[in-house]
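The structure appears below as structure tokens.
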């Protein structure tokens, strides 16, 4: 298993809707907490932390949202929480998938 996982997806919705979803991630009870929100010229990026568990030392997750003509591009990068950690046991990919599922559910509602 790797020390990180990442994925990208395009959404046909306004960036502000997805920003609201990320701001509410702590309320979703996924064991994640929003640490910072950082605006850029083309969008915004969030730093999210996943709590420590028996299987993991916690992960650092970066969600980057970029406004496009068709909607919003989202890129998620999940990395191990400790620099000395060699593998992640698949946890980082689960984090990426979980956040994309969370964003998808908001659009489907």
Answer yes if at least one residue in segment 89-104 is over 18 Å from residue 7 (Cα atoms) and surrounded by 15 or more Cβ atoms within 10 Å (Cβ to Cβ), and no otherwise.
-> no
Within segment 22-37, work out how many residues are closer than 26 Å to residue 12 by Cβ, assigned to a loop (DSSP other than H, G, I, E, B) and at pLDDT below 90.
-> 1
Quick one: in segment 1-21, which of the residues that are assigned to a helix (DSSP H, G or I) and within 12 Å of the chain's Cα centre (by Cα) is surrounded by the fewest Cβ atoms within 10 Å (Cβ to Cβ)?
-> 19
Return yes when residue 43 is at pLDDT 90 or above, surrounded by 14 or more Cβ atoms within 10 Å (Cβ to Cβ) and in contact with a helix residue (DSSP H, G or I) (Cβ under 7 Å, 6 or more places away or on another chain) and no when it is not.
-> yes
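The values are calculated or read from the model by the stated rules, or taken from the named source; none is laboratory data. From a predicted model like this one, the values you see are computed outputs, not experimental measurements. All Cβ positions, even for glycine, are placed from backbone atoms using ideal geometry, and neighbour counts span all protein chains on display.
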